[in-house]
1. Would you confirm whether any residue within the stretch B:207-216 is touching an Asp or Glu at 6+ places or on another chain (Cβ under 7 Å), part of a helix (DSSP H, G or I) and either at negative phi or facing chain A (nearest Cβ under 8 Å) (or both)?
2. Please find, within the stretch D:90-132, the residue that is nearest to residue D:311 (Cα to Cα) out of those that are in contact with a strand residue (DSSP E or B) (Cβ under 9 Å, 6 or more places away or on another chain), more than 8 Å from every other protein chain (Cβ to nearest Cβ) and surrounded by fewer than 24 Cβ atoms within 10 Å (Cβ to Cβ).
3. Could you grab the pairs with beta carbons closer than 9 Å, sequence gap of 6+ or different chains, first residue in the stretch B:141-162 and surrounded by fewer than 24 Cβ atoms within 10 Å (Cβ to Cβ), second one of a type in the set (Lys, Arg)?
4. Yes or no: residue C:61 at the interface with another protein chain (Cβ under 10 Å from one of its Cβ atoms), among the aliphatic types (A, V, I, L, M), touching a strand residue (DSSP E or B) at 6+ places or on another chain (Cβ under 6 Å) and part of a helix (DSSP H, G or I)?
5. I'd like to check which helices (runs of 4 or more DSSP H) are fully inside the stretch A:170-280 and have at least 3 residues that are in contact (Cβ under 8 Å) with a residue 60 or more places away in the chain.
6. Can you tell me how many residues in the stretch C:242-293 are more than 13 Å from chain D (Cβ to nearest Cβ) and among the polar types (S, T, N, Q)?
7. Is the stretch C:238-258 home to any residue that is in contact with an Asp or Glu (Cβ under 9 Å, 6 or more places away or on another chain) and either surrounded by fewer than 24 Cβ atoms within 10 Å (Cβ to Cβ) or acidic (Asp, Glu) (or both)?
8. Any idea how many residues of the stretch A:313-357 are more than 24 Å from the chain's Cα centre (by Cα), more than 7 Å from chain C (Cβ to nearest Cβ) and of a type in the set (S, T, N, Q)?
Amino acid sequence: MENPGEQPLISLRNAVKTFGPVVALADGSIDLHAGEIHALAGENGAGKSTLVKVLAGLHHRDSGDFEIEGQPVSFATVADSRAAGISVIYQEPTLFPDLTVAENIFIGRQPRGRFGMIDHRLMRDHASAIFEELGVPIDPDRLAEGLSIADQQIIEIAKAISLEARVLVMDEPTAALSGHEVDRLFAVARSLRDKGAALMFISHRMEEIFSLCDRVTVMRDGRYVTTRMIPDTTPSQIVRDMVGRDIDQLFPKFDAQVGAPVLEVEGLNRAGVFRNISFCVRAGEIVALSGLVGAGRSEVARAVMGIDPIDSGTVTLLGKRLKPGQPMAAIRGGMGFVPEDRRKQGLVMELSVLRNTALTLRDGLARFGIINARKEAEVAAEWGRKLQVKSSSPYNSVATLSGGNQQKVVLAKWLATKPKLLIVDEPTRGIDVGTKAEVHRLLSQLAVDGVAILMISSELPEVLGMADRVLVMCEGAITAEFPRAEATPERIIEAATDHAKAAAS
Amino acid sequence: MTDTQTALPRADIAASARTRRRWNPRSLLSKRESPVVLALLLLVLFTYLANPRFLAPQGLKDLMLNATIMMIMAAGQALIISTRSVDLSVGSALGLTAFLTGTLFATYPSIPIIVVFLAGIAMGAGLGAINGLLVTTARVPAMVITLGTLYVFRGVNSWWAGSTQYFAGDRPDAFGNLSVSLLVGIPIITIIAIIVIAVVTLFQRYSRSGRDLYAIGSDPDAAIVYGIPVGRRVFTAFVTNGALVGLAGVLYASRFNSVGAVTGTGLELQVVAAAVVGGVAIVGGVGTAAGAAIGALLLTTITGALTSVGVDKFWQQAVVGGLILASILIDRLATLRRARNLRKATS
Amino acid sequence: MTDTLTPVAAPPALSATRGAISRTLASRPALMTYILLVLLILASTMVPRFAQPRTATFLLLDVVATLLMAMPMTLVMITGDIDLSVASVAGLSSAVMGVLFTGGMPFGGVVLICLLVGLACGLFNGLFTAYVGLPALAVTIGTLALFRGLALVVIGDNAVSNFPPAASAYATGSFGATGIPLVMLPVGLIIVAFAVVLHMTPFGRTLFAMGHSMEAARFVGVNTKRARLLTLMSSGLVSALAGVFWTLRYSSARSDNATGLELVVIAAVVLGGVSVFGGKGSIWGSVCGVLIIGVINYALRLNRIPEVVLVTITGLLLIISVVAPSVVASWSAWRHRRRRAREIDSTITTAGALSA
Amino acid sequence: MSSTSRGRLSLKVGAILFAASLALTACGATVNDSPASPDTSAGTDASPTENAGGGDLSITFIPKQLNNPYTDVVLGGGKKGAEEAGFTTSNVVGPLDASASSQVSFINAETQAGTSVIVIAANDPDAVCAALKEARAGGAKIVAFDSDANPDCRDVFVSQVVAKDVATIQLEMISEQIGGKGDIAILSATANATNQNEWIKFMEEELASNPDYKDIKLVSKVYGDDDDTKSFQEAQGLMQANPNLKGIISPTTVGIAATARYLSTSEYKGKVALTGLGLPNEMRSFVKDGTVKEFALWDPAQLGYVSAYAGKALADGTITGKSGDKFTAGDMGEREVGENGIIIVGPPVRFNADNIDKYDF
């Protein structure tokens, strides 16, 4: 790799990590040098997060070499990696909701005063000092419960700073941040680099990688692909490295006949979550709901489905007004929902493929209230076949499937209900490239078949490639709507960070 | 990590030492305990108004003595519950240590009292270690494991004791006097209990491993991600709780007339209830040993108070049940209100 | 009959790992059946007088209350909740029965009201748990005390014993020479009903889903609150029925009837393969769990082995039943890891050889 | 695929095994049906297989609960009596808690074991009744002792003493100790204990009718359930709720010991009188420290002893339980069955500082 003369601070070579039959990391390699910001790029499911967790000591690699300053290391626990100076900020911050902000930063290393007792006041002051430095007004005494994702992220960064880490790994730290928060974070990151720390930065946003980083390593399908110096490369080159093929293939978009409105949402409100949400989705149309993480997109979808309560507003499906808070009514009316969090919401991980697939159909499969087990198995098998779910047995739990196949099971169980409206929330998050294209093709085909689709996605290429219409949300309000022809990355990002308009609506 | 390598900026502590030193009243008790303290004060007040004898020296002494053993056990249980576990075997463990105490005095009449205390605590800790080991190594819910050891410990106790019972006469007077003699108006065993509970509460608030327990209860998965030694901490919590139960067992032998095969039967749910009433959330993460102890005091006081004001004794248990429900309900409503306020604040 | 009681496809706990051990674990109910059979055979050959119709009578009568309560408990625990108040509901139902019957109410009406009282208790638990959002463990610890307290309030220190002889005879009688108690007919019907509901209805399917993930269940349109309410109400209702049976069998309506039975029920159900975390379990497994404890108890009692041993064995069984699977799981996970590491080693060696 | 067949297979195995088990138990049952079936004669020689040998008699004691010192003394006497009376085997079984229903399954097991004589102290007179009837139908003789079962379902009841004597002696003692006037209270065992309730009834009648006791007022009755802790706390409650209390009668050994322990450690020591029925070994220290002046009890060992002989006499057919039947109870001499099948053991003894060291039970 580059800089052959200089010894890397951290070097991971040919790391392999498997979970049962799933190979999460087939060949993970990366070198981090002191004083650099190193981007790690790759599609969802490319193995970035697994690699991060191996660095963090959270996962143990099955094989491969791991060296710090030339010394082979093996981390048994997170504490080991932390002791070696590695600090990780995860994609989804995991704070302790019952502890204070200050305590969340210092847990396990609280400053101690007399008699070895924790000096809570000193701890608070340390936290305040870090927040001051970061320029964020967070009360160190408040409980972490109920903090916004952006604030949680800041606390994670504050923790890394307080740890005096020499390696800081940030797994998509900007996903939920607003423009000026991102700028602030970058300033901090640069100053850390200038003081000699090694930073690893994971982001899907090319412009961020190019404005912040010095080098970039690309991964695909769990394997190391290449490492390039940022000044010597271009975004399109990296995207090619990531995808490994032409990008058009990923977003097969068929021409569909746009028909009558299927879903009409009027003036939906929920205090503190979203407000004045009105839109419509027609048969055969794919409408994307875009925006930053935390803008309230998933919450709107959940409210439309009736999973979350609303304060006011109406949801009309095929001309029939749905009672709020009753998902079953929405499902009976022809609504399907592929949720954002496959593991927690989309599937019952411990249940079998069969049971998961049949779960949406449970009432339809029953005669006189008794489920016909054979029919249940047949229907599940049929939809498994249609979506080409690869599993060794329909009686195996879905936890044993790969992410892509799990998502197919989720899609299968909803398609089995023959929905008129399908809401898909981050439909391709964390699944491999091949399956991703399959999912996209499937969505296109559904649209051709006259299904109305509401798609939530944080991936701009997906939004631009698939949507007939793009709605953009910012801070709980819809700030823009673009037809396919008018949607550009710049416009969408602008609307997604249009706080002024969001506040005005 | 060496200074040359260290690069992350760190706030200069001296410079940041705030002038804004607002006094923080969260010393030993957080506000979670205030409802139960208030309830206790009101209960004592009303009972006193109805029957002044309730707070006569003897009444006060009885009040404290009744609660002492339950208070220690509730404090220990608070440690366990704060990690999102539970220990149902405490009644049986108490029986075993109480019987050990009786046996020691009967077998070695001249044994120093302190040795008996240490033996009881050690045995309790050992029983706690069995629970802790099973829970942490087998990774199965503490509730099932301790339900199992509830039966096993009780079985061992019955086996060991058979029909043997040790009575007040079998023990040195000095030992029995621990639960009789007063020091500044407070029975000695109560003083022991208060000291122990204070130490446990301080541990919870001011030690790193104590704080780790809350982190584990707050979000066990996050605790693993953070590198908190979850297994070791939970194990330690079980051993500590065991030691406290051991202490309670020794004090039980001092306090009550006889110890035998069935001593302490059925205490487990009362102890859990006391902790819950004292503001320890059953889902972990919050609550203090002191709160749990006050919960125990409230539950034991209510029985005495109802008798004292002449409420039909048949109502006592129902009142206790209502109290448990009320306390978790209050807690829940407070949480809901907080969540609503947060949502409003962000909108 | 077993066909209906055994879940059609018990999802393998560790389908990632193959081999004989995981295969055995894969169907817990079958394993429980086997253990029960071995116990029955052992008891019949080694315990004098065990193999008699009377054993069926006495043993089954002993476990009827536990068996009844275990049915809704299985549902409640599969959903991820727990009901510690079952024995107190039985006590309350017994107390109400005594007072109303003494008050001159006709027997049928008395039983009906007892069942309604049980239903109301379940409703109370269910509202607090599902709709107010409190943990079932905490709620039912509270109602454990509350319902037992109400039983005391209702009947106080009294005991009522003059129930209609026909009713008592029914509660203690058996089908002629078979020795099977008469009450096993309704009890059997209740077991079948619960098995059908849990394993063969849409409602039952959703309970498993809820136990594993409340959130995922809500996303497929399950009214999780109503489902939790219903399971807890069924628990109240059946516990009250168990209380009525208890009263008739012992011809004694008292406030302290069935005290402490909740832990026995939970122990039996967990032994039968129900996970306290929810999502796992079967009616047949729970029936086996109750019967296993019942057979051990009765066999030992016939041999005049002290109660102490029974208590200890119950506890050990419970611990083993939960520890064993996890020990086996971690062993096979370790084996898997080793095998995988070997595979990778060899792949890398091959790859290395090729590239070289 | 493999998993599918695996699941099905285990299901089928389960089904077959279950069916087999039913068949097996059923077969086993039919084969072994005869030995203990009810109609095998009500004779004393019906004891089954391994008690083999014609006239072998077995006796089983079922106390209120095991692991209770008083029970131990009673059973000690019972074992001695059983041996002397000629029982081949004698056993003690029983529950660990004194709840109403817990004795039933023990009676059932004894019924099935074909035990010739069951001696029982009933926790609840009615709860054990059906099971006892069944045992009698199987040929067993039932001797109730200490606490009576419903007279319909036992042959005889061996009573410690004449119930009225117990009531009067306790009233006499308390009256002496409080100087004939003042408030008193009773701390009993369980609210359903037959013997306790009978004594309490006699005490209430006596208080109402006897002019000697006209200044004594019974203000409260509480129940400690024969549980040390509960009794202890009930004693506390009594003191608080009744400021003018002069004396407590506790006609149960657990209750009096717990109350004595409370009084001896409280300000009421020596001020509030305590009497009742207690075991000398348990009460010795309280008599010596002045908490208790005097209490009473019969010799519990004699109770067990006579019960064993009564069982033998029933089994031999010497007596049937009807009034006027007579039998010889070993060293205790001849005893007569009184009204309702009650056999009286002997008068209670008073224990005080002067004589307590002479007794060891």
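The values are calculated or read from the model by the stated rules, or taken from the named source; none is laboratory data. Source: prediction; values computed, not measured. All Cβ positions, glycine included, derive from the backbone under ideal geometry; neighbour counts span all protein chains shown.
1. Yes, the conditions are met somewhere in the stretch B:207-216.
2. D:90
3. none
4. Taking the combined requirement at face value, the residue satisfies it.
5. Qualifying helices (runs of 4 or more DSSP H): A:179-194, A:235-243.
6. 2
7. Yes.
8. Residues flagged as more than 24 Å from the chain's Cα centre (by Cα), more than 7 Å from chain C (Cβ to nearest Cβ) and of a type in the set (S, T, N, Q) within the stretch A:313-357 amount to 3.
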